[in-house]
Structures are given as C-alpha cells and as structure tokens.
1. For the stretch 293-307, state whether one or more residues are assigned by the TED database to the domain that holds N368, among the basic types (K, R) and more than 28 Å from A338 (Cβ to Cβ).
2. Working only within the stretch 28-70, note down all residues that are of a type in the set (D, E, K, R) and assigned to a helix (DSSP H, G or I).
3. Within the stretch 236-294, count every residue that is closer than 20 Å to W202 by Cα, part of a loop (DSSP other than H, G, I, E, B) and open to solvent by less than 60 Å² (accessible area, probe 1.4 Å).
4. Report yes if some residue within the stretch 225-233 is open to solvent by 30 Å² or more (accessible area, probe 1.4 Å), in a loop (DSSP other than H, G, I, E, B) and in the same structural domain as R340 (by the TED database); otherwise report no.
5. Residues that are under 16 Å from the mean Cα position of the chain (by Cα) and within 22 Å of W307 (Cα to Cα): does the stretch 234-247 have at least one?
6. Checking the condition touching a residue at least 24 places away in the same chain (Cβ under 8 Å) and either within 30 Å of R97 (Cα to Cα) or not small (G, A, S) (or both), which residue from N257, N240 passes?
7. Name the single residue that is farthest from P201 (Cα to Cα) among those in the stretch 357-400 being aromatic (F, W, Y) and open to solvent by 20 Å² or more (accessible area, probe 1.4 Å).
8. Can you work out which of the residues in the stretch 96-117 that are open to solvent by less than 20 Å² (accessible area, probe 1.4 Å) and polar (S, T, N, Q) is farthest from S296 (Cα to Cα)?
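The values are calculated or read from the model by the stated rules, or taken from the named source; none is laboratory data. Computed from a prediction, not measured in an experiment: that's the story for all the values here. Please note: Cβ atoms are built from the backbone with ideal geometry, for glycine as well, and neighbour counts cover all protein chains shown. These area figures cover heavy atoms from the full protein model, side chains too; ligands, DNA and RNA do not enter into them. Shrake-Rupley method; radii C 1.70, N 1.55, O 1.52, S 1.80 Å.
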Amino acid sequence: MFHNFVVLFGLLVGISESLAQDGMGYIGLALEAASPCPDSILHMSREIGRPPSVENYWDGVFYFDKWPQIPEVRLHITLKAPARMEIDPDIGRLSVRRRTFMITTFEAPPKLKKIEFTVRGRSGGKFPDIESVHLNGADVCPNPQPFNAHLLGTSSATASEDFGEDSTGSTFTSTNECGRRRIKHEGLITFGSETRPGDFPWHVAIYHQEGRQRNYKCGGTIIDTNTILTAAHCVFEGFNLIAAERIIVQVGKYHLNIADDFAKEFQVFRIIPHPSYHKTLLTHDIALLRLSRELSYTDYIQPICLWNSNDTKLVDIENRSGVALGWGYTENDTVADALRYVELPIVPTVTCLKSDRDFFGTFLSDSNFCAGFTNGTNVCSGDSGGSLAFEDEHKVWRIRGIVSLSIRRRDKAICNPKHYVLFTDVAKYLSWIKQETSPRITQVGRK
C-alpha cells in the first residue's frame, strides 16, 4: 500500500502578451495532487496560488476499480475541518451530518467507474483534510495521509462548527444504542389509545406516490440510520414490486395527516423483499427499505433493537403481551390521525388454529405467529408493516413481529378485529437482516 504525493502543472490556459513576443507560452497555475488512501482509491488535487478567498479547496475523484461488483454505493467521507461538498446531481444524492458527507449514487459498478466532487473549506480556515472514508459501511481508507496543502491566507483562528446543522431536536451520534425512548413521559396514556410524540421514535409512515398524489400504505420500523423494516406486501402492487422512487418514508411522524415539526421525509434507494416471499400465501412477509440518505437520530427519531439471537423460541413469548403501533382503522372504521398503540398477547399456535382452522391452517407457518384478542381490540388495516415489540428488563425495546395478515370483514374490505392477527416472526430472519445490512464490499484485486 502506498500514499502518493506529486506536484503537477496545469494545462496551457493563455498567452502572456510579453511572453508571447518571445515565443514563450504562459503555463497556468501549478497543480498539487495527492492520494491519501491506500491503492490510490482517492485522488485529491488543487491549483496552487489561487486567491486566499478561494484557495481552501480540493477536487476529489474516488475510483471503484477495486470493487467492480458491489450492489450499491454509499460513500461516507469525513473531513477534519468544516467544508462544503459539491457533486453532479445526476450522479447521486448528497447529504451531510456534521463533517461527514454521505453520497448515494444512482448507479453502481461496473457501470459507475468513479465519483468526482469538490470540497470547499472555510476561507481562512483549517484545510479540510480527509479524516476517514467508508464505502458501504467498511473503512476503505485506514490512516489517511494529510494533503499538506499550504494556504496563503490562513488565519490563526480555525472554525470548529460545520456548514449547516440538523435543527430538529437533539442529535445523537452513537450507533450502538437502540430501543430507548429519549423523551421521558410518565407512562403511556391508556390501554389501546393514542401515544404521545416520542413514545415510539422508531415507527415510520410509508407512502406510495401516485402521480402528484401520495397515499399512506403501511407502517415500518427504523433499525439503523439507513434501513427501514416492514412487510413485503407493503412494497408490492398486486404481484409486482413497486419502483423504489415511488416510495416515500416519513420518520419522526406522529400525526398522519398533519405536518409535524420533528418529522423528516426520505426517498428510498433500494427495496429488498425477502427472496422467498410468497405473494399469495404471504409467507416470508418481510422487506427492507434502504434510504437514499442516512437519517440523523433525534428525540423523535431512533432505531429499535432487533431480537436477541440467543432467545428466538416462540414458546418463550407465548401469552406475553407486546406493543403494536399504527395509524390503522380504529373501532369507528376510520383511519387514526395520531399514532396509536395496543398491547397484544402472543397466542399459542394450537389456540390460533382452533379459532379458524380454514384461514390459519392456510396462512400460519413456521415463519409467523398469532397474536391479539377476539373481542375487537386489535391491529387492523393500515397497521401492516408496523412492529410488535417488547420492552425488556433494561427498558430496551426489541422488535419481534411485523403486522402481516388478518381475516377480513364480510361487509367491508377491512380487517375483522374479532379474530387473531398473523405477525411475521422477525427472530427467524435475523441472519438475513444482518446479511443485507452489513457492509457489502467484494475484496478483489484491482482491474
């Protein structure tokens, strides 16, 4: 591995009048360049001698030769000083959190060969050197070398704040915490009623875009800064997978039909339904949504924890009550405006089958389970894709189920709340979720 530093010269940019008389060409400003990462995967360059107001910059090129088959590109570049970054909007989307710039491209290798961008530091401020580079979550630039740029207009004061901050509540940078409320309410309100903002900061609303109109479709759950967990049937229209660009995800949302100050909206970069999802029987009814940019955690936006992989037996949670969330149909046959919750017990398989053997005998499998009541207290249409979660002894919430399927009423095309509900058993898919959300870089030799 080598870190290369060279000084080049620019192209011919003009002819000086006096020099032209002597037959000599004027060569432009000198160009200094460096490769701060191993294998020269990142190239930095800038012109020497530009005015102090513009000299604190560099042009970057990141090459994908080393990873010709990665399925997607999420490039995170963290700088040592405040700066702005510019990329071609036709190449990908750019977002920023503090000093980390997150680029999500529309294409992936082998079609995409490189990404070009420009970094502009503060005038008179500290030079924005590379602190780290991550590709799809993997550190691809260990111990980056400084550019050693000499700024003519550098002042003694160096800015420590970033260009632009997240203004929606407190931002939490820890990625190791999950399943905890940041707002300490004195318990929930009443059984099977409305929540309060911040009670369940991992629940999201999923919309389908229909021309200029968007329609609420399902709920979902934040499991990391880039991924939403939901039901597979929420991302299909009939037997066809919906286009990713037609899905809108709103996080930090409390009112379904009112804009909340603490809510944020995201587009979806990629849809990942389970490969064995059955569109008729709804087996393996689980899917992941990869967001086009990473979300920032706030008091109202937090991830839930996945189930403990050492404790996945269904019998261990039978007759225990979990909490389900949603904006689905209420007892008045209307969609809820404020996010609601209900506590539902896990029902033994035998009990579930006895309640309606024709229905549950068809759809019940080893990848889902029954929960709920038969007295009208239940999740309903519109709650699909949302979580059934349990709070453990450490006050940490973990997702165990995804609202999947229920029996319909005969008089309306909505659920019959007097029957049990089927939930996808998330504990059966922990390996698949880990596989799809872990860094995905193929370590191969450079072409």
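1. Taking the stretch 293-307 and keeping what is assigned by the TED database to the domain that holds N368, we get 293-307.
Within this subset, residues satisfying the condition of being among the basic types (K, R) are 293.
Keeping just the survivors that are more than 28 Å from A338 (Cβ to Cβ) gives none.
No: zero hits.
2. If the condition is that a residue be of a type in the set (D, E, K, R) and assigned to a helix (DSSP H, G or I), then D39 is the only one that fits.
3. Residues flagged as closer than 20 Å to W202 by Cα, part of a loop (DSSP other than H, G, I, E, B) and open to solvent by less than 60 Å² (accessible area, probe 1.4 Å) within the stretch 236-294 amount to 11.
4. Taking the stretch 225-233 first, the residues open to solvent by 30 Å² or more (accessible area, probe 1.4 Å) are 233.
If we keep only those that are in a loop (DSSP other than H, G, I, E, B) as well, we get none.
Within the stretch 225-233, not a single residue is open to solvent by 30 Å² or more (accessible area, probe 1.4 Å), in a loop (DSSP other than H, G, I, E, B) and in the same structural domain as R340 (by the TED database).
5. no
6. It is N257.
7. Residue satisfying both the conditions and the ranking: F359.
8. Looking at the filtered set, the residue picked out is T105.
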